[in-house]
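Colleague: Quick one: structure below, then a few questions.
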Amino acid sequence: MERILVKHADWLISMDAERRIFTDGAVAIEGDRIVAAGKTRDVARNFTATKEIDAAGKLVMPGLIDTHVHNVQQLGRGVAEGCEMKVHLLERLYGYESALMAEDAYCAALCCQLELIRAGTTCFIDPGSFFPRETAQAVGESGIRGIVARTAIDVHNTPIGELPAGMFRESGEEALRRAQETVTQLNGAHDGRVRAWFSLRVLSACSDTMIQAIKKKADENGVGLVMHASESFHEISASRALHGASDIERMARLGALGSNMVLIHMGWASPKELVLSMRHDLKISCTPSTGFRLGMGSMQFGRFPEMMELGITVALGSDAATSSNFLDIVRQMWLVSGACKAQRLDPTLMPPETVLEMATLNGAKAALWADEIGSLEPGKKADIAIFETRSPEWRPLLNPLTNLVHSARGGADTVLCNGRILMENGVVRSIDEREVLKQAQERGERIAGRAGLLDRIRPKWPIH
Ligand SMILES: [Zn+2]
């Protein structure tokens, strides 16, 4: 069994119950688990390592947890820029997804996980696609940890228009059957690094019957349920017009709320929905860069500081290459911190300690995985992100928390997941990076071509 010692970290942020920070810190790993974390002199004393990682000049922390990642949208970067919501979703996003083939989806997931690993992320929650098997297969190869789900929708005429032909048009029965198959076949795959959940994905494309059926299935299978909710003003207005209630109020009316649910975005949650979130212990995935990129107003009007004060679990999510447009929780930490301060003219809101909890412990709770990930403590899985601090934006380094959230650019140096080294000193070990990027370029161009989008997304300026 491999025994890895990460030692001499300038700073080790444990995220344990006391939130201890160690200087000259170390983590000892046996197989896939942490057996000790603390001062190097204490941890190294009785530990014989088969592999040592010198973390001098670096910051060591739990792997970041990204609670909103659309793996299969990775090759759609650039296809949906500057469009209003209807065009963004119906023409660009769904158009791209309809043109995907299974091999594209696999390449997209690998490339997506490559971006996550480079960012120091070791666990993601995918909100559901038509290709959960390909996403799970990529997890097997990349070495990361992730939750996959299959999209289940049964309303094809949504408030913004008709969904495209093809896979988006399956019947409710078919969707339910495939969602169940995904959980049966994939939950616990790849050494337990893959977990499979249920997904409602877009509530405006789900009937009341579908919502209740999927919630029941999540409970029966003992797994989570993930969905987008209260995403934009536009969306809640449509839900109110159609159902007489906004998203979470509608779910409450259907008796379909529970602590195994992750609600993505939630920037337009009503006061009533805040109370429902608290009462039902709903987990929330706040997605700052999507709010900014799509102009949804979620960071201008969202009540995320209130949610935190109410004790609701709020975690961070990056979303997708098509809509946010990057996958990096360090950058999301800066955005949520800055957005909340600016919104309230209050620099004391969202301090680095709170934001770091969102990126680690709260992410673990949202993933229903807090017993095994989210902190560096004996008994937990060895999911670790290491950041180089010997660079101008990090110096002087007097407080590692403020520098990481307010100054750092992101981008990890070394990443371990489940005790395996996925990236070391900036070199990704688990994936052939050059080959994946080459394929991403070729496939990305072909998909955009098949979806008829190439001419619409070129730069407006002349290319010579
Ligand atoms: Zn999303």
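The values are calculated or read from the model by the stated rules, or taken from the named source; none is laboratory data. It should be emphasised that the depicted structure is a prediction, and the values quoted were computed from it without experimental measurement. When we count neighbours, we look across all protein chains shown, and the Cβ atoms used for this are built from the backbone with ideal geometry, even at glycine. Calculation scope for accessible area: heavy atoms of the full protein, side chains included, ligands and nucleic acids excluded. Shrake-Rupley method; radii C 1.70, N 1.55, O 1.52, S 1.80 Å.
Colleague: With a probe of 1.4 Å, find how much accessible area the chain has per residue, and write the answer as a whole number in Å². Write out the running numbers ahead of the final one.
Modeller: Details: 17700 Å² over 464 residues.
Solvent-accessible surface per residue comes out at 38 Å².
Colleague: If eta is 0.890 mPa s and T is 25 °C, what Stokes-Einstein diffusion coefficient results for segment 418-458, Kirkwood Rh from Cα pairs, in µm²/s? Each step should come with its number before you reach the end.
Modeller: Details: Rh = 12.4 Å.
Using the Kirkwood radius from Cα pairs, D works out to 197 µm²/s.
Colleague: Can you pull the three principal axis extents for the Cα set of the chain, in Å, largest first?
Modeller: 64, 50, 48
Colleague: Rank these residues by their accessible area, most exposed first, probe 1.4 Å: GLU235, GLU435. Working shown, then result.
Modeller: Values: GLU235 35, GLU435 75 Å².
Ranked from most to least accessible, the order is GLU435, GLU235.
Colleague: Starting at the first residue of segment 175-186, write each ³J(HN,Hα) from the Karplus equation 6.51 cos²θ - 1.76 cosθ + 1.60 with θ = phi - 60°, in whole Hz, x for Gly and Pro.
Modeller: Rounded to whole hertz, the list is 4, 5, 4, 5, 5, 5, 4, 4, 5, 4, 7, 10.
Colleague: A further question follows. Given a cut-off of 27 Å, name the pairs among LYS7/LYS380; LYS51/LYS380; LYS86/LYS341 whose C-alpha atoms lie farther apart than that in the structure shown. It would help to have the intermediate numbers written out before the result.
Modeller: On the way: LYS7/LYS380 18 Å; LYS51/LYS380 19 Å; LYS86/LYS341 31 Å.
Exceeds cut-off: LYS86/LYS341.
Colleague: Give a residue-ordered list of calculated ³J(HN,Hα) values for segment 260-266 (Karplus: 6.51 cos²θ - 1.76 cosθ + 1.60, θ = phi - 60°; whole Hz; x for Gly, Pro).
Modeller: Each residue's phi maps through the Karplus curve to give 8, 10, 10, 9, 8, 5, 6 Hz.
Colleague: Something else: As an exercise, take the mean of 1/r over every pair of distinct alpha carbons in segment 28-77, invert it, and state the Kirkwood radius in angstroms.
Modeller: Details: mean 1/r = 0.0702 Å⁻¹.
Taking every pair of different Cα atoms in segment 28-77, averaging 1/r and inverting gives 14.3 Å.
Colleague: Same structure, new question: Residues with amide H under 5 Å of GLY128's amide H, sequence separation 5 or more or different chain, H placed in the peptide plane at 1.01 Å from N; which?
Modeller: For GLY128, the qualifying residues are ALA149.
Colleague: What does the highest-first list of 5-14, 421-430, 107-116, 169-178 look like by mean Cβ count within 10 Å?
Modeller: On the way: 5-14: 23.6, 421-430: 17.0, 107-116: 27.4, 169-178: 15.0.
Packing proxy ranking, top to bottom: 107-116, 5-14, 421-430, 169-178.
Colleague: Measure nothing fancy, just the Cα-based angle from helix 433-450's long axis to the longest principal axis of the chain, in degrees from 0 to 90, nearest 10.
Modeller: Between helix and principal axis, roughly 10 degrees.
Colleague: Show the residues, 5+ positions off or on another chain, whose built amide H is closer than 5 Å to the amide H of ALA36.
Modeller: The list, which skips near neighbours in sequence, is ALA28.
Colleague: Same structure, new question: How do GLU52, GLU220, GLU181 rank by accessible surface area computed with a 1.4 Å probe, from largest to smallest?
Modeller: I get GLU220, GLU52, GLU181, largest accessible area first.
Colleague: Please report, as a whole percent, how much of the solvent-accessible surface of the chain comes from carbon and sulfur atoms (probe radius 1.4 Å). Show your work: numbers first, answer last.
Modeller: On the way: 9170 of 17700 Å².
Carbon with sulfur: 52 percent of the solvent-accessible area.
Colleague: While we're here: For segment 273-285, take each phi angle, set θ = phi - 60°, evaluate the Karplus expression 6.51 cos²θ - 1.76 cosθ + 1.60, and give the result in whole Hz per residue in order, putting x for glycine and proline.
Modeller: Taking θ as phi minus 60°, the curve returns 6, 5, 5, 4, 4, 5, 4, 9, 6, 6, 9, 10, 9 Hz for segment 273-285.
Colleague: With runs of 4+ DSSP H residues as the only contributors, calculate the mean residue ellipticity of the chain at 222 nm using -39,500 (n - 2.57) per run, divided by the residue total and rounded to the nearest 500. Before the final figure, lay out each step's value.
Modeller: Values: 16 runs with 160 residues, N = 464.
Taking each H run of at least 4 residues, the total per residue is -10000 deg cm²/dmol.
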